[in-house]
Amino acid sequence: MENREKQSPWEEFLAIRGMRQVLTVTVALAILCVAFSFLSPSFHSGRNVGNLLRQVAPIFIIGIGQTYVLITGNIDLSIGSVVGMSCMISATLMTKGVNPWIAMLLTIIVCIGVGILNGALVAKWKLPPFIATMGTMTIARGVAQIVNNNYNTDAVGDAAQTFRNVFYYGKILGLYNTIWIAVVLFLVFDFLLSKTRSGRYIYAVGSNIEASKLSGVNTARSITIAYVVSAFCACVVGLITSAAAGMGTMDAGNMYELYAVAAAVIGGVSTLGGQGILIGTVIGASIWGVLQNGLQFAGAPVAIRNIVIGTIVVISVLLDVVIRTGKPRKKTKE
């Protein structure tokens, strides 16, 4: 029997699924922070850091949901529209005199329904995830528009001030509540993904769905769980958006599905499924926020910021394909 050397703590740390990619993007994040601090001393001021963290928190939250879905080998394009639907439903109910917490609960139920529908369309009825979630994206945006007769809502009023403080303006230990919400969701969903049987099944489905079926995994259930998590996270961001604006806006969450993908893939989550950890999504969302914030301090126009972030996303996906397959995909010659 061969004697195997015991792995050092560092080697065990690196052996964690996706940790090497996380370390790489963490170094990139540190370099960006140092570079932007040199370009503008205001970048690392306490006030800007606090605002930056509050800006990044919603992107990370929707990134959690997209991470779950990507790990199963699918994608969720309905995230941004669910954010808008959540914002409009909650604000509309509050302006109609409904208790803010009841309005929040009803909004969560409706949004989770979208997640269940996405799971059924993709897992049970075998629709391509791109088509299925593009359809629910359009439906959810339509609901956001029709819920208040194609108008943004009025201000939610003083009765919802506690709701607004809990989700956006309040602070605990010097940090905005939005940041604490992101931290709590990270702890809960990271535990679910890394320490539970459901989490292992989600990875298994993304790694090899046929092998998972043969092993007795309920693949439809695992995929549906991922889409429900995605819809719930989008709902929370919609509530944050409603609290921040003090009203419902029909275009809330526009482009957020792309921001969610950016946070996940920059953080090392594979678009091919079966690989990625939530701490990577934290770093990916942070890189997105630092680039947006830093380029703004540097005076770069919005178009340049979008080009830079889009290029980074494409490169991240390309590197993932090269690493996972050994080479870029090419057409086979007949």
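Computed from the coordinates by the stated procedures, all read-outs in this text should not be read as laboratory data. Predicted, not measured: the structure shown is a model, and the values here were computed from it. Every residue, glycine among them, receives a Cβ derived from its backbone with ideal geometry; neighbour counts consider all protein chains shown.
Here are a few things to note about the model shown:
- For the peptides 305-317, 136-148, 59-71, the ranking by packing is 59-71, 136-148, 305-317, with the highest mean count of neighbouring Cβ atoms within 10 Å listed first.
- Calculated mean residue ellipticity at 222 nm for the chain: -23000 deg cm²/dmol, from DSSP H runs with n ≥ 4 weighted as -39500 (n - 2.57), summed, divided by the residue count and rounded to 500.
- Overall, the anisotropy analysis places the range 10-118 in the oblate class: the square-rooted eigenvalues a ≥ b ≥ c of its C-alpha gyration tensor yield a/c not less than 1.5, with a/b not exceeding b/c.
- Cα→Cβ-extended label distance, 7 Å offset, between Q145 and V188, nm: 3.2 nm
- Shape class of the range 44-317 from the Cα gyration tensor (axes a ≥ b ≥ c, square roots of the eigenvalues): oblate, since a/c reaches 1.5 or more and a/b does not exceed b/c.
- Hypothetical label at D251: residues of the range 129-160 whose amide nitrogen lies under 11 Å (7 Å Cα-Cβ projection): none
- Calculated FRET value between F130 and S8, using beta carbons and R₀ = 30 Å, to 0.05: 0.10
- Spin-label pair A300-L318: with each label point 7 Å from Cα along the Cα-Cβ axis, the two points sit 1.7 nm from one another.
- By average C-beta atoms within 10 angstrom, highest first, the peptides 229-235, 99-105, 275-281: 229-235, 275-281, 99-105
- Net length gained if the chain between V27 and A120 were fully extended (0.36 nm per residue, minus Cα distance): 29.5 nm
- Under Karplus coefficients 6.51, -1.76 and 1.60, residue-wise ³J(HN,Hα) of the range 94-109 in Hz, glycine/proline x: 5, 6, 8, x, 6, 3, x, 6, 5, 4, 4, 4, 4, 5, 4, 4
- When the range 44-317 is described by a simple charge dipole with +1 on each Lys and Arg Cβ and -1 on each Asp and Glu Cβ, the residue from F191, Q292, F232 located farthest towards its positive end is F191.
- Between the range 76-120 and the range 145-179, the alpha-carbon centres lie 14 Å apart.
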